[in-house]
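Chemist: Just dropping this structure here.
Read-outs: derived from the displayed coordinates by stated rules, not from any lab. Computed from a predicted structure; not experimentally measured. Cβ sites come from the backbone with ideal geometry, for glycine too, and all protein chains shown count toward neighbours.
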Amino acid sequence: MANRINYVNELECLIRDVELVGAQLQETLDEVIGNLAEKNEVLAKKIIKNDIWFNKAEHDINEKCLRLVLTQAPVATDWREIASIMKMIGDIERMADHCGDISKYTMSLAKENPVNLPDYFGEMVNVMREMVFDSVKCFRDSDVDLARKIIETDSTVDNYFKNFSEDIANLIKENPQNVKSYLDYLMIGKYVERIADHSTNVAEWIIYIVKNELK
């Protein structure tokens, strides 16, 4: 019984660690999105540098997961949760990576002339943001319904990016002098789509933990 109590306590600490990293991701993402308009190079560099913190957090959480497995006696349900946490923290770290990637292109755009974008670009970014924030919330609340909503929303971002790619190609043809800026925005759009994909992965792992259903 004592071992089981220790296990539960350590698992609760582990879950709080993941929630902390999720909260930091939310803060970072809002900085990234705000900086798409401001194009502040100092902030962009700070976001890029902060990736070191996310890398360390992923490493520390993975170590705690492995230590939990080695020192305790996890049952099948425990194994499912621990393995899922390791997968989820990996997805969260990849989202943080992409925040840094977007910031690199934001720094590049700061040196270029402003260009017109498809009017739905902001909405594509906002849908992705909602998915990320919802993924953190549904992990905290073990909310399967919210997780399913995230998964369904992923196709919306995919469609936005498909249209965005086509429209950017047309804008390059019409404005060849701005090809560098448009290619930078195309890459930003790609990373927006990838962040949405990782949010979907997190949602799928949450469903696996709660319902033992894995897509």
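Chemist: Please state the equivalent ellipsoid semi-axes for the range 45-101: what are the square roots of 5 times the Cα gyration tensor eigenvalues, largest first, in whole Å? If you can, show how the numbers build up before the last one.
Modeler: Details: eigenvalues 155, 26, 4 Å².
Square roots of five times the eigenvalues give 28, 11, 4 Å.
Chemist: For Arg67, what charge total do you get from the other residues with a beta carbon under 13 Å from its beta carbon, if Lys and Arg give +1 and Asp and Glu give -1? The partial results should precede the final answer.
Modeler: On the way: positive: Lys64; negative: Glu10, Asp17, Asp60, Glu63.
Value of the local net charge: -3.
Chemist: So how far, in whole Å, is the C-alpha centre of the range 138-154 from the one of the range 31-51?
Modeler: Cα centroid to Cα centroid, the span is 28 Å.
Chemist: Could you pull out every one of the aspartates and glutamates with an alpha carbon less than 17 Å from that of Lys173, ignoring same-chain neighbours closer than 8 positions?
Modeler: Within reach: Asp184.
Chemist: Ratio of alpha-carbon Rg to the 2.2 N^0.38 Å globular estimate for the range 2-211, to two decimals, please.
Modeler: Values: Rg = 19.1 Å, N = 210, 2.2 N^0.38 = 16.8 Å.
Taking N as the residue count of the range 2-211, the ratio is 1.14.
Chemist: Another question, if that's okay. If one computes the Cα centroid of the range 177-215 and of the range 13-29, what distance in Å separates the two points?
Modeler: 18
Chemist: Between Leu214, Tyr120, Leu20, whose Cα lies farthest towards the positive end of the dipole of the chain when Lys and Arg beta carbons carry +1 and Asp and Glu beta carbons carry -1, centred on the Cα centre?
Modeler: The one lying farthest along the dipole's positive direction is Leu20.
Chemist: Please give, to one decimal in nm, the separation of the simple spin-label points placed at Asn113 and Thr156, each 7 Å out from Cα toward the Cβ.
Modeler: Label at Asn113, label at Thr156, 3.6 nm between them.
Chemist: For the range 83-158, max minus min Cα coordinate along each principal axis, in Å, sorted largest first?
Modeler: Sorted largest first, the three principal extents are 45, 25, 17 Å.
Chemist: Going through the cross-link list Lys56/Lys215; Lys56/Lys111; Lys137/Lys162; Lys56/Lys87; Lys111/Lys137; Lys104/Lys162, which pairs have a Cα-Cα distance over 25 Å in this structure? Before the final figure, lay out the partial values.
Modeler: Numbers: Lys56/Lys215 29 Å; Lys56/Lys111 32 Å; Lys137/Lys162 28 Å; Lys56/Lys87 15 Å; Lys111/Lys137 37 Å; Lys104/Lys162 22 Å.
In this structure, Lys56/Lys215; Lys56/Lys111; Lys137/Lys162; Lys111/Lys137 exceed 25 Å between Cα atoms.
Chemist: What FRET efficiency comes out for Glu38 versus Glu130 if R0 is 22 angstrom and r is the Cβ-Cβ distance? Round to the nearest 0.05.
Modeler: On the way: r = 21 Å, r/R0 = 0.96.
The pair Glu38/Glu130 has a calculated efficiency of 0.55.
Chemist: Give me the net charge of Arg16's neighbourhood, meaning all other residues with Cβ under 13 Å from the Cβ of Arg16; Lys, Arg count +1, Asp, Glu -1. If you can, show how the numbers build up before the last one.
Modeler: Details: positive: Lys64, Arg140; negative: Glu10, Glu12, Asp17, Glu19, Asp60.
Around Arg16, the surrounding residues sum to -3.
Chemist: How large is the charge dipole for the chain, taken about the Cα centre, if only the Cβ atoms of Lys, Arg (+1) and Asp, Glu (-1) carry charge, to the nearest 20 debye? Walk me through the numbers before you get to the answer.
Modeler: Numbers: 26 positive and 38 negative charges, 95 e Å.
Dipole magnitude for the chain comes out near 460 debye.
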